[in-house]
Each structure stands twice: as structure tokens, then as C-alpha cells.
Amino acid sequence: MPFNPLEQRGIPLDRQLRNWRELDVQPIDPDHCDPYTRCRVITMNGIEVEAILFSHRLARNTLDPEVKRQLARTRYIEAQQQKAVNWLLPGVSSVLETTIAYEQVAVDLTAWVARMEPDPCLKQAYEFGVLEDFDHLYRYANLYEMIEHRKAESIVDGLTEVMPGRPTRFHHRDPYDNVRDPYDRAATSPLSKLHALTVMSAEQQTMNFYMNTGPTCMEPIARQLYQEIALIEEEHVTHYESLVDPGETWWEQLVNHEYNECYLYHSFMEQESDPKVKAIWELHLNMELEHLHTACDLMRRYDGREPQEILAPELPPALTFEPNKQYLRHLLDTQMDLTTLGAGYVREAHERFERMQERINGGEEPPSARVMAEHDRMFGREYRVESEGEHADPRMRER
């Protein structure tokens, strides 16, 4: 049935505070959980982190102390939500295992969004980015086998393929070429706004995760690979955040954030296979409904507009974690050799790209290539030996 968050009331804000016992959630079982349950957890952690950071930015840009106080009340609940969601991840998982799960999120979330995106320019932006996350998954899978002597398939469970994408060494571009043209807030569909906010938030959380966990690794090659890919995630956040129309007011952005949280909690509640996790999605949805109404009231008061002017009349079809193998193989066949130039895309290397490659690599192999070379030395093979004739394009072998 259609679900319109603007017509639903949730838990009153003054009843949303949880005590320590209620926040002490039971983590998922890494060996028996649905891999997409873990993906949903990682996604919602990124969404909640973005909501908290955005609320802080808004608070720092308003003079009204009552607005600051209202934001603080809602933000504290958002912080509790973030803790409950992120603490669903099991402490027994290694950093590398969690990293591979992060990249599974990046691949299947971005691929699904690209498939569903109605705007061709935004669709191209997601298609471009997902081929790079696809290769990051492959590099970390090689590192995982080298260090922990386990296969990434034990984490992704065959739902996401582990194979080369656009080679990671070619992801380093002049920052000038990482900025895309934004959508037009007055013309784009409400769904496109949700897509842009979702992918940006997920990539931002990946960037933050690698920045903070990379130096905790002991092995030099692992520290180096995290450093390289963390810099690429910075490029990806620049790439995706530039898609959002900077003309959106603070209040418009606040409403979009809260509406997106309702959309995602509702989506994940509908498809969640773990009953305990599903109960958390349902609880948080009922909290977010009230956060949305609070944001709408602020928009009416300070923007003088009705939220219906910018929001869809009902939630779009659920965002779904599902395999995207055929879609990704199509992108591998058609977009492997793309890079960026200005706000667009080209198939040939250009002066700024080549200069960046020379400066960042300094005439040496980057960590992503050294991981492959060390894996070859240890095991005498690539992580995945492809069947004859499969992806015969030599660029797939580029390290």
C-alpha cells in the first residue's frame, strides 16, 4: 500500500529517549546472517552519521537559539539511533571483513540506484563510480586472502561478484575533474534527490571508516592500500556531493534528510530477514516520522513553504539490496576506460589526468598494484581465475 510519511505520526519526541539497556542491541552473527542484513546496517549507519553531521552544520549556521535547541533534541535521538545501528555489527569481525562488507554495500547500493535513476546525467555518475568500488572490493579481497587466508566469498556469499573493475590506479584524478554538474532542484524528481543523498552519505561513511581504521592495521601493505583507497573515497564524496543542487535552502535540505531516513527505514523494514534487526528498523521509522514533522514545521516557519512542494506524495518503491551481476558486467564491457574531464567523461587520458598519475605515483607502482603482485607471489595466481573467454578485454588484467 502507498505510504506517505507526511500523513503518519510516529513516537512523540519526548518519548524517544532510550536507556542503556535498550541501546545494548544484540549484534548480528557474522557467520550466519544474511549478507544484505549487514549491508543494510552499514548503509543506515552512514545515513545516520550524515544526518548528525548535517544537523551540526545547520546549528553552526543559525543565530536562533531556539532552532539550535530543537536541532540538539532531535540530533541526540539521531545519535542514539546511530549507536544502535552501528553496534549491530559484531565485534568479532576483523577490520578487513568489515571493509569487504562496506565495499559490497558500495557496489550493490550504487548499482541499484543507477538502475533505478530516471535522470541520465545522475545515472552516468553512479555508473562511473560503481566500477571503481567494484575494483576496491577486488583489491581488498586479495589483501584479505593474503593476511587472513580466507576468501571474500565467505562474506559476500556469492551475491556480489569479486573480480577486477576499473583498475584502482586509474582512479586518481586531478581534483578539478571530480566535480560534476548538480541537478536542478526545481526540475529533478524527488526520487533523484533521495538517490543522491543516499549514495553521498554511504560514500562519506566509507571515507570516514577508511580514514580512521587504516592506520590501525599492522601490515605495511594493508596500511598503504587503505591510504590509497581512502583518498579515492575522498574523490567519490566530492563526485557525489556535487550532484546536489547548492541552491537548496538549509530547511529544504533538512526535510530531505529526514524524508530520506523515513524512506530507507521503511524500505529495509519491508525486506529485512532478521526479526530482531527488523524491529529496530520499525522502531527507528516511527522515530523518524516525528523528526520529519519537526523538520517540516521548521521549513514552514523559516522558509515560508510547504514540504509538499519538494517531496513526493508517497514513498517511492523500496530501495532493495539484491544481486546486480549482469548490470555490472554490462558496465564492465562498456565503461571500463572512462575517466573524467571537467564535469563530463571521456575515454582517453588527458593532460591533467596523466600529470596527476605521474605526481601521485611518483614513478612507482601504487599500493593497489603491489597488493596484486604480493598476492601472486604468495599464491601463484590471481584471486579469481576467470573462465576462458570471460572478459577478454586486456584492460581487465591491468593492475
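The values are calculated or read from the model by the stated rules, or taken from the named source; none is laboratory data. These numbers come from a predicted model, not from an experiment. Ideal geometry is used to build each Cβ from the backbone, glycine not excepted, and the neighbour counts take in all protein chains shown. What goes into the accessible areas is simple: the full protein's heavy atoms, side chains included, and nothing from ligands, DNA or RNA. Shrake-Rupley method; radii C 1.70, N 1.55, O 1.52, S 1.80 Å.
Over all alpha-carbon pairs in the stretch 296-358, figure out the percentage whose distance exceeds 17 Å. Value for the stretch 296-358 (Cα pairs over 17 Å): 70 percent. Contact order for the stretch 1-152, expressed relative to its length and based on alpha carbon pairs under 8 Å spaced 6+ residues apart, stands at 24 percent.
The angle separating the long axis of helix 220-241 from the principal Cα axis of greatest extent in the chain is about 50 degrees. Taking the C-alpha atoms only, the angle from helix 351-361 to the longest principal axis of the chain is near 80 degrees. Surface composition of the stretch 99-195: carbon plus sulfur atoms contribute 56% of the solvent-accessible area (1.4 Å probe, protein chains only, all chains present). Direction-averaged projected area, Cα convex hull, the stretch 123-170: 3.7 nm², rounded to one decimal. The dipole here belongs to the chain: it is taken about the Cα centre, uses +1 on the Cβ of Lys and Arg and -1 on the Cβ of Asp and Glu, and is about 800 debye.
Computed over the stretch 94-212, the quotient of the alpha carbon radius of gyration and 2.2 N^0.38 Å is 1.13.
Between the C-alpha center of the stretch 149-203 and that of the stretch 1-80 there is a gap of 23 Å.
Ranking Cys39, Cys33 by solvent-accessible area of protein heavy atoms (1.4 Å probe, all protein chains present), from largest to smallest, gives Cys33, Cys39. How much of the pair distance distribution for the stretch 1-122 lies past 22 Å, counting alpha-carbon pairs only, in percent? Roughly 53 percent, once rounded to a whole number.
The trypsin sites (Lys or Arg not before Pro) of the stretch 11-79 that DSSP puts in a loop, and whose beta carbon has at most 11 other beta carbons within 10 Å, are Arg60. Hey, could you get me the Stokes-Einstein D for the chain, Kirkwood radius over alpha-carbon pairs, 10 °C and 1.306 mPa s, rounded to whole µm² s⁻¹? After rounding, the answer is 72 µm²/s. Between the listed residues Leu243, Gly10, Thr74, the Cα displaced farthest toward the positive end of the dipole of the chain, a dipole computed from Cβ unit charges relative to the Cα centre, is found at Thr74. Helix 35-59 and the long axis of the chain differ in direction by around 60°, with both axes built from C-alpha atoms.
In the context of the full set of protein chains, the chain has a per residue accessible area of 43 Å² (1.4 Å probe). Using Cα pairs under 8 angstrom and six or more residues apart, how large is the relative contact order of the chain, in percent? Reported relative contact order: 25 percent. Loop-resident trypsin sites (Lys or Arg not before Pro) (DSSP state other than H, G, I, E or B) in the stretch 315-353 with no more than 14 further Cβ atoms inside 10 Å of their Cβ: Arg347.
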